[in-house]
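The values are calculated or read from the model by the stated rules, or taken from the named source; none is laboratory data. Since this is a predicted model, take the numbers as computed values, not measurements. As a convention, Cβ positions derive from the backbone with ideal geometry for all residues, glycine included, and neighbour counts pool all protein chains shown.
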Amino acid sequence: MTRAALVCLVAPLAALAAGFAFFHRRKPWSPHCGPGSTHWPILLSCAVVTASSWWLAAQMLAGAPALDRTLWTWMSAGGPGPGGLSVDFGLRVDGLGAAVLAMVTLVSGLIHAYAVGYMRGDPGFSRFFLYFHLFLFSMIGLVLSNNYLQLYLFWEGVGLASYLLIGFWRERESARRAALKAFLTNRVGDVCFLFAIFLLARSAGTLRFTEVFARLDRIPQSTLAWIAGLMFMGACAKSAQFPLYIWLPDAMEGPTPTSALMHAATMVTAGVFLMARSWPILERVPGVLDWIAATGAFTALGAAVLAFTKKDLKRILAYSTVSHLGLMMLALGAGNAYAATAHLVMHGFFKATLFLCAGNVLHHIGKSTASVDEAGGPTAGFFSKDLIFEAAVHRSAILGACAALVAVGSGLYIGRMAWLTFFGERPEQPDSLPLPSSTGEGRGEGSSDPHAHHSDPWLEWPVAALAFFSALIGLAVVPTGVLHRLILAAPLWRGEPFPHAPFDWGLGAAALAAALAGIGASWYLAMAKPSWDWQWRKRRPGLERAFDADFGWQPFVMGCVVQPVAALANFVGWTFDLRTWDRFMEAAADSFIGLSEGVSGLSRGLLNQYVGWMAAAAALFLLRLAWVR
Amino acid sequence: MTPDRVVWLVSVLLFLCGLAALLLRRQLLAMLLGLELMINAANLNFVFYGREWSDAAGWTSALWVLAAAAAEAVVGLTLILALNRLAEPDTDSVRELEG
């Protein structure tokens with residue numbers, strides 16, 4: 001198992017190195033070994049990684065003990081014993097990790113394959129694949145980490161790769177801005193997470209998961225609450241929860257495969273994964289759990305409402321992701337880390353499918369026939385969502401109601417999207433087209449699109465495979481309890497915390513009814529009364545503006561956080577850097593220039609002058625001799 | 001005025017004349033002449049005190065200095081010849097070592 005886990009880390013690294021050294025060249029060695037074929041080593045690595053991670057999952061399912069192994073000591077300070085801290089570089093594979101890893105590698109591999117078709121012909125094809133694989137590598141490392149600092153390292157790697165990919169079309173101002181926004185927003189969370197790690201290192205004396213969780217009894221409750229809260233803030237940024245979700249909708253600026261990867265497999269799942277990993281800490285601080293549940297419920301509801309009002313296909317999906325992540329957080333807060341993880345896995349599959357469909361739709365604008373059946377999405381999500389309902393209902397009625405509302409909402413927006421996109425007649429108003437041209441696509445659209453690959457198999461088969469897998473997993477794996485057994489195999493969670501409840505038909509029926517109600521309502525609004533969508537926009541322009549601004553949260557953040565910070569930075573930069581320090585440095589430099597000019601006046605290259613200096617020196621020497629005498 | 005005082009004064013005067021030529025003249029030939037004056041001012045002391053103290057070291061030193069001066073004249077004159085091919089063969093125009 002160690003070897004399989006190592007392969008998961010080494011294969012992407014080798015592929016990246018090979019791609020960088022042999023393919024990513026301005027002057028290719030041969031037509032078969034140039035920037036146009038960087039994807040081959042990387043696809044190979046994807047296949048290897050997927051195979052080994054599924055083998056790992058199978059091992060865990062077959063009852064193998066968890067793998068927790070130190071590879072080498074990364075850094076150590078203060079020597080062994082109390083007061084010292086030693087951080088290792090290690091591997092950990094348990095049920096949770098294997099389940100997430102299997103999802104991440106399979107989904108990412110298919111998205112990589114899709115990207116081959118999507119990015120073909122782009123001048124940055126090679127660069128894109130290197131970034132893309134770096135993203136996957138970081139996520140694999142994150143899932144396989146066995147301590148918090150290593151996890152943090154890859155956590156930052158994920159952030160970096162997402163920055164590079166969101167700003168991939170760097171010649172566009174909006175892409176650069178979105179990338180910066182994502183990076184800076186994540187930075188807020190990262191700092192919180194880092195402080196949580198500091199607190200942990202200080203109070204537990206170790207960062208290894210197993211050791212930390214064994215020593216939790218020694219840590220005072222208030223410290224634990226701080227750790228859990230700060231960690232949750234970190235997860236908030238990565239997993240796009242309420243105060244820090246703002247970067248995710250803008251992250252659409254990257255190429256569509258990036259969005260798919262980010263929303264499904266690699267980026268936003270990291271926060272939920274961290275929360276599930278740290279469940280032993282979280283479960284000791286019920287106050288923080290309540291906060292998590294409230295944040296999740298609020299985010300899920302708000303994002304569902306906003307998703308319903310958006311017109312841009314990818315933007316709808318982005319808010320839907322935020323909403324689903326809210327659901328996962330809600331499940332965590334409601335006390336069921338298993339439900340959150342299960343939904344994470346399911347969501348990975350169906351959101352990737354949806355995004356790739358959206359990418360195809362954007363490529364075949366006006367040709368809805370080419371798009372793939374997306375029925376796999378809602379089915380897969382249904383069962384795991386159901387788990388969350390159960391958890392929420394068991395916890396409290398309000399949370400249950402929230403979750404139900406979200407289900408109605410997601411039925412609404414997914415249904416609306418599907419109806420409008422595939423069956424909608426063009427509404428009268430041009431600005432309410434379901435597929436506006438202002439989507440986050442970097443290329444010229446329509447006839448100027450140079451990448452007309454309507455029949456590119458690379459665009460079709462990964463989507464079909466993803467749809468197949470999400471339907472398969474949604475229908476076969478979740479209800480039969482296989483996923484449950486996998487996630488709970490050899491857990492760090494104590495005992496048997498989340499028993500596999502028999503399918504609750506009452507709740508299931510309620511959830512199904514909620515989703516159907518949502519879909520029905522969306523059909524009514526989108527198909528039976530197609531004018532409704534633009535009528536309310538016309539009648540209530542203020543409301544539309546409020547929706548566009550996320551109920552004023554985006555302007556609030558801009559006005560109350562970003563601009564003051566920018567102003568402060570300007571002030572500091574101007575006053576302390578330009579006015580004070582720069583002037584001091586300039587004065588120092590000027591005085592050195594003056595000094596050297598003065599000194600260089602002593603050697604003008606004039607022979608007579610040199611003789612003069614020599615004579616003066618000799619005279620001084622003689623005077624000195626006379627003086628001593 | 002004792003003889004040693006006379007020799008001392010003459011040699012100092014010779015030395016200062018040579019130094020003045022070296023400092024003030026811009027023609028290399030004149031500067032070389034100044035240099036010879038300075039060398040011989042020193043030589044005068046060697047010869048005089050060699051005789052005064054009956055010490056052969058003074059005379060041999062004087063011979064050594066003459067040999068060195070001859071060598072120096074060879075090198076210097078070669079340099080002067082090379083320099084004279086320039087349009088302005090004075091030392092102010094040869095200042096590539098300006099710092």
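Within the range A:207-248, take every residue that is among the small types (Gly, Ala, Ser) and assigned to a helix (DSSP H, G or I) and give me the one that is surrounded by the most Cβ atoms within 10 Å (Cβ to Cβ).
Once the filter is applied, the top-ranked residue is A:ALA235.
Quickly run through the range A:280-307 and pick out the residues that are among the acidic types (Asp, Glu) and not in a helix (DSSP H, G or I).
Within the range A:280-307, A:GLU283 is the sole residue that qualifies.
Return the residues of the range B:22-33 that are within 10 Å of chain A (Cβ to nearest Cβ), out of contact with any Ser or Thr (no Cβ under 8 Å at 6 or more places or on another chain) and within 16 Å of B:GLY76 (Cβ to Cβ); say none if nothing qualifies.
B:LEU22, B:ARG25
Taking the options B:ALA87, B:ALA82, B:ALA69, B:ALA56, name whichever one is surrounded by 14 or more Cβ atoms within 10 Å (Cβ to Cβ) and of a type in the set (A, V, I, L, M, F, W, C). Outline the logic, then answer.
Working: B:ALA87 fails: surrounded by 14 or more Cβ atoms within 10 Å (Cβ to Cβ); B:ALA82 fails: surrounded by 14 or more Cβ atoms within 10 Å (Cβ to Cβ); B:ALA56 fails: surrounded by 14 or more Cβ atoms within 10 Å (Cβ to Cβ).
Of B:ALA87, B:ALA82, B:ALA69, B:ALA56, the one residue that is surrounded by 14 or more Cβ atoms within 10 Å (Cβ to Cβ) and of a type in the set (A, V, I, L, M, F, W, C) is B:ALA69.
From the set of residues in the range B:41-92 that are touching a helix residue (DSSP H, G or I) at 6+ places or on another chain (Cβ under 7 Å) and in a loop (DSSP other than H, G, I, E, B), which is modelled with the highest pLDDT?
This residue is B:LEU86.
Six or more apart or on different chains, Cβ under 6 Å: which pairs go from a residue in the range B:77-92 that's within 14 Å of chain A (Cβ to nearest Cβ) to one that's in a loop (DSSP other than H, G, I, E, B)? Could you list them?
What qualifies is B:LEU83/B:PRO89; B:ASP90/B:ARG26; B:THR91/B:ARG26; B:ASP92/B:ARG26.
Out of the residues in the range B:1-15 that are assigned to a helix (DSSP H, G or I) and loosely packed, with under 14 Cβ neighbours inside 10 Å, which is farthest from the other protein chains (Cβ to nearest Cβ)?
B:PRO3
Yes/no matrix, rows are residues, columns are (1) surrounded by 23 or more Cβ atoms within 10 Å (Cβ to Cβ); (2) hydrophobic (A, V, I, L, M, F, W, C):
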residue	(1), (2)
A:PRO123	no, no
A:HIS133	yes, no
A:LEU136	yes, yes
A:GLN150	yes, no
A:LEU153	no, yes
A:LEU164	no, yes
A:SER174	no, no
A:LEU180	no, yes
A:PHE183	no, yes
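What number of residues in the range A:319-369 are among the basic types (Lys, Arg) and modelled with pLDDT of 80 or more?
Summing the residues that are among the basic types (Lys, Arg) and modelled with pLDDT of 80 or more in the range A:319-369 gives 0.
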